[in-house]
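Each remark here refers to the structure printed beneath this line.
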Amino acid sequence: MEMRRSRIIATAIVLGLLGAAIPVAAMAYVSWAIALNKELAVLTRSAEQAYLRASRTFDDARKALKAADAADLPRCSEEHIRRMRMMTVNTPSIEEVGYFEGGVLRCTSWGRSDEGIAKSHVDYVTPDGMEITLRVQPAISHGRRMTAMHFGSHNALVVPSRFVDILVDDAISLAVLNEDGMLLDGLNGPDPALVRSVLGQAGSGVAGNTMFAVSRGESLVAVATEPKANLAAKVRSEQLLLLPIGAFIAAFVVGTIVWLSRKRLSPLADLEVAVRKREFIVHYQPIVELKSGICVGAEALVRWQRPDGSLVRPDLFIPLAEETGLIMPITDQVVDAVIADLKTMLLEDRTVHIAINLCAADMASGRILDVIDGRLRGTGIRHEQIWLEATERGFIDIEAARTTLQIARQRGHSVAIDDFGTGYSSLQYLQELPLDALKIDKSFVDTAGIEAATSSVTPYIIGMAKELRLFTVAEGIETERQAEYLKEHDVDFGQGWLFSKPLPAAEFIKFHRQSKARHGSAPERIRASAA
Ligand code: C2E
Ligand code: CA
Ligand code: CA
């Protein structure tokens, strides 16, 4: 049993630690996962916006340049220049438009150009044939460096930041690249090596110390990156909400574990396990005929034998068992034990009877009678050989008790009222019940033959039994003097340490055999002549 306890405690500690750690760890992880997902969503949105922005700029420029090339106007005429200027007005991303002839700039949206500026080198060509030069110093306006897009004989200058002209957190770096990975522009100083390392990826994720999102189209790629370290603050703000939830769950889990363990450690749980494992055995206390000293049978007294072999006295578990109803399966185990232990002896000597203690619930329901009937069937043991003992508590519902007693006696059992004299039963009350025997409680036996005030109660109790025409059994006889007194007062049977303590089955069988060798069998007269 100690091992069971320590196993329960050890299990509870392990489960408790897990139960505390897992919810908190899970919430910490969920905080991190939520923060990461949110941040990756922000990055994805930024990359998508940058991509849309850049491809829109390209499309706008391409459309304008195609239209300009297609227009049938005298080159560098007033009308042509006006048309080019209109392009810069109508297409917000285009700052300046130029017209080339023979590789030399002839006129721009600003006017004619006679400086003989050559078409700048081409950095790359888009799949649809637009030539891109990334950094161009505008020849006429001499403004900021720009990106040139050349199609046919026209080009458009675009401020590169137009590509990534979106609002993002300072912590997020954006890069727009062509399909070959050439950086067209960036925002918040993207690290080119880092951008290249995630370029091959799709969607979003974490690479090394960087969170990233990639948005890809036919000829453009936008990459948003952010140091993973930035996540810490965001994880903390998620934790602010989730960790208390984790702690709450942990407290609940630990509380449940403690509650369940305490339940499993409770005496009731111990007793439940004992019933399940059939840990109950029976000792037999001989009952002798006072006149002759012949052993007429025994009272079956249950013992709880723990796995370590130690015996638990019934007063320590019977009250709990009665309170919880576990007494019924225990009584069943007592019946089983009586049959298993004493079948041979009961078949050999038909005068022997074994008294079984009934609980109040069985007395009220009569359930036990069918159990005994079922177990006796086929054994050859007679119902007459099983006596039943019931205390006054079993007679509280007097009508139910009467029914049980009647059935019991019909089947052949004798029934004794146990611990007689300790309750409140009146003579009248007992007269109404079909009883066979009365067990005089030890407290009256203790005073038997001693000149004390209470000793006068004992003859009265004995007299009452005589009046009811019941057999009497005196319990707890410890001295010769008590035995003599009881014999003089015509008490029929006695039970107590003077004759024998309760014995294990084998010893009781030996005790009975020796008694028989000395005195012979008990006379066949155990059924009382009561109503
Ligand atoms: P009880 O039915 O009155 O049983 C008699 C008790 O007195 C037994 O204690 C027995 O060992 C003890 N006893 C017998 N002779 C002497 C004696 O000379 N001196 C002293 N000091 N004691 C003596 P035990 O076995 O500890 O049983 C205690 C009580 O537990 C029983 O009292 C009975 O009420 C209950 N009990 C025992 N077995 C069962 C059972 O199978 N079913 C039910 N429902 N109750 C049981
Ligand atoms: Ca008893
Ligand atoms: Ca008793």
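The values are calculated or read from the model by the stated rules, or taken from the named source; none is laboratory data. If you're wondering where the values come from, they're calculated on a predicted model, not measured in any experiment. Cβ coordinates were reconstructed from backbone atoms using ideal geometry, including for glycine residues, and neighbour counts include every protein chain displayed. In case anyone asks, the SASA skips ligands and DNA or RNA and just uses the protein heavy atoms, side chains included. Shrake-Rupley method; radii C 1.70, N 1.55, O 1.52, S 1.80 Å.
Selection of first residues in region 390-401 that are open to solvent by less than 80 Å² (accessible area, probe 1.4 Å) and of second residues that are assigned to a helix (DSSP H, G or I) and within 12 Å of ligand 2 (Cβ to nearest atom), restricted to Cβ pairs under 7 Å at least 6 apart or on distinct chains, gives the following pairs, ordered by first then second residue: ALA401/GLY394. Scanning region 384-421 for residues that are more than 15 Å from ligand 1 (Cβ to nearest atom) and part of a strand (DSSP E or B) yields a single hit, SER414. Residue-level check: of (1) over 30 Å from ARG262 (Cβ atoms); (2) open to solvent by less than 80 Å² (accessible area, probe 1.4 Å), PRO23 misses just (1). Candidates are the residues of region 35-70 that are surrounded by 18 or more Cβ atoms within 10 Å (Cβ to Cβ) and of a type in the set (Val, Ile, Thr); the one that is farthest from PRO127 (Cα to Cα) is VAL42.
When GLY421 is tested against the conditions (1) within 14 Å of ligand 2 (Cβ to nearest atom); (2) of a type outside the set (Asp, Glu); (3) at negative phi, the lone failure is (3).
Please verify whether LEU486 is touching a helix residue (DSSP H, G or I) at 6+ places or on another chain (Cβ under 8 Å), touching a residue at least 12 places away in the same chain (Cβ under 8 Å), assigned to a helix (DSSP H, G or I) and within 13 Å of ligand 1 (Cβ to nearest atom), treating the condition exactly as stated. Spelling it out, LEU486 is indeed touching a helix residue (DSSP H, G or I) at 6+ places or on another chain (Cβ under 8 Å), touching a residue at least 12 places away in the same chain (Cβ under 8 Å), assigned to a helix (DSSP H, G or I) and within 13 Å of ligand 1 (Cβ to nearest atom).
Looking across region 391-410, just one residue is within 16 Å of ligand 3 (Cβ to nearest atom) and either modelled with pLDDT of 95 or more or touching a strand residue (DSSP E or B) at 6+ places or on another chain (Cβ under 6 Å) (or both), and that is THR391. Within region 410-423, the residues that satisfy the criterion of being more than 25 Å from GLU323 (Cα to Cα) and open to solvent by 40 Å² or more (accessible area, probe 1.4 Å) are GLN410, ARG411. Would you say SER141 is at pLDDT below 85, surrounded by fewer than 21 Cβ atoms within 10 Å (Cβ to Cβ) and in a helix (DSSP H, G or I)? Criteria not met by SER141. Inside region 78-107, residues that are without any contact (Cβ under 8 Å) to a residue 40 or more places away in the chain, surrounded by fewer than 18 Cβ atoms within 10 Å (Cβ to Cβ) and either part of a strand (DSSP E or B) or under 60 Å from the mean Cα position of the chain (by Cα) (or both) make up a count of 1. One residue alone among LEU177, LEU187 is assigned by TED's automatic domain parsing to the domain that holds LEU36, open to solvent by less than 30 Å² (accessible area, probe 1.4 Å) and closer than 20 Å to ARG53 by Cβ, and that residue is LEU177.
Given the structure, is LEU326 away from ligand 2 (no atom under 16 Å from the Cβ), farther than 30 Å from GLU488 by Cβ, open to solvent by less than 10 Å² (accessible area, probe 1.4 Å) and assigned by TED's automatic domain parsing to the domain that holds LEU498? Taking the combined requirement at face value, the residue does not satisfy it. The numbered conditions (1) modelled with pLDDT of 85 or more; (2) surrounded by 15 or more Cβ atoms within 10 Å (Cβ to Cβ) are all true for ALA522 except (1). Scanning region 212-250 for residues that are within 15 Å of TYR29 (Cβ to Cβ) and of a type in the set (S, T, N, Q) returns a single hit, GLN239. Residues that are over 30 Å from LEU17 (Cα atoms) and open to solvent by 30 Å² or more (accessible area, probe 1.4 Å) are absent from region 232-254 altogether.
Within region 363-410, being within 16 Å of ligand 2 (Cβ to nearest atom) and charged (D, E, K, R) holds for GLU389, GLU392, ARG393.
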